Amino acid sequence: SHYFAAVVCKYRSAWLDALEADVFKDPEIRTIIDLVSCRHAKDLDAKFPEGLPARVTVITTDGRSISEEILYPKGEPERPLTESELTDKHESLYDYCISNYMERGQFDEILEMTQPDNLQGLKSMRELGDILQSSKEFPHT
């Protein structure tokens with residue numbers, strides 16, 4: 001948690017690229033990690049499991065304390081991603097980990113087929129399976 005908090009402090013977000021070696025080795029991230037404290041907030045327990053609460057408090061260099069609390073993380077049904085955020089997420093997933101195994105057209109076809117308005121039109125899940133089977137095999141670890 002310290003690492004991802006430091007990544008968010010520097011980049012204002014954290015996604016799959018935060019797991020890259022150059023980010024792990026970034027001296028600024030290492031410095032920020034030393035400034036981060038992560039603690040369990042017992043008062044948030046009462047809001048679970050109905051919510052998935054979190055709180056961030058930042059102490060500025062001039063001593064001010066700024067806090068923000070959320071009940072649901074972004075992407076939960078209560079705080080859905082915008083169309084733009086969802087598109088960005090799909091794009092980064094393709095670029096980061098799917099492009100080596102699937103042609104862009106196949107990926108776009110799957111995205112189109114799985115849009116809520118289009119799911120009703122699927123004759124069977126076999127249609128998706130056929131597309132997936134035609135892609136290169138993912139490596140097994």
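The values are calculated or read from the model by the stated rules, or taken from the named source; none is laboratory data. Computed from a predicted model, the values in this text were never measured in an experiment. We place every Cβ from the backbone using ideal geometry, glycine too, and count neighbours over all the protein chains shown. With ligands, DNA and RNA removed, areas are computed over all heavy atoms of the protein, side chains included. Shrake-Rupley method; radii C 1.70, N 1.55, O 1.52, S 1.80 Å.
Would you mind stating whether Q115 is modelled with pLDDT of 75 or more and either touching a Gly at 6+ places or on another chain (Cβ under 6 Å) or not hydroxyl-bearing (S, T, Y) (or both)? Lay out the reasoning, then the answer.
On the way: modelled with pLDDT of 75 or more: yes; either touching a Gly at 6+ places or on another chain (Cβ under 6 Å) or not hydroxyl-bearing (S, T, Y) (or both): yes.
So Q115 fits the description; yes.
Please list, ordered by residue number, the helices (runs of 4 or more DSSP H) wholly in the range 1-111 having 2 or more residues that are in contact (Cβ under 8 Å) with a residue 40 or more places away in the chain.
In the range 1-111, the matching helices (runs of 4 or more DSSP H) lie at 83-93.
If you check K123 against the conditions, is it of a type in the set (K, R), out of contact with any Asp or Glu (no Cβ under 6 Å at 6 or more places or on another chain) and open to solvent by 90 Å² or more (accessible area, probe 1.4 Å)?
yes
State all residues of the range 1-31 that are surrounded by 14 or more Cβ atoms within 10 Å (Cβ to Cβ), at pLDDT 90 or above and closer than 18 Å to C97 by Cα; if no residue qualifies, say none.
V23, the sole residue that qualifies.
Taking only the range 104-118 into account, find how many residues are surrounded by 11 or more Cβ atoms within 10 Å (Cβ to Cβ) and of a type outside the set (V, I, T).
As a first pass, look at the range 104-118 and keep what is surrounded by 11 or more Cβ atoms within 10 Å (Cβ to Cβ): 104, 106-111, 113-114, 118.
Still in the list and also of a type outside the set (V, I, T): 104, 106-109, 111, 113, 118.
Residues meeting the conditions: 8.
Kindly establish whether L35 is surrounded by 13 or more Cβ atoms within 10 Å (Cβ to Cβ) and under 24 Å from the mean Cα position of the chain (by Cα).
Details: surrounded by 13 or more Cβ atoms within 10 Å (Cβ to Cβ): no; under 24 Å from the mean Cα position of the chain (by Cα): yes.
Judged against the criteria, L35 is not a match.
Looking at the range 66-103, which of the residues that are modelled with pLDDT under 90 and among the β-branched types (V, I, T) is most open to solvent (accessible area, probe 1.4 Å)?
Result: T87.
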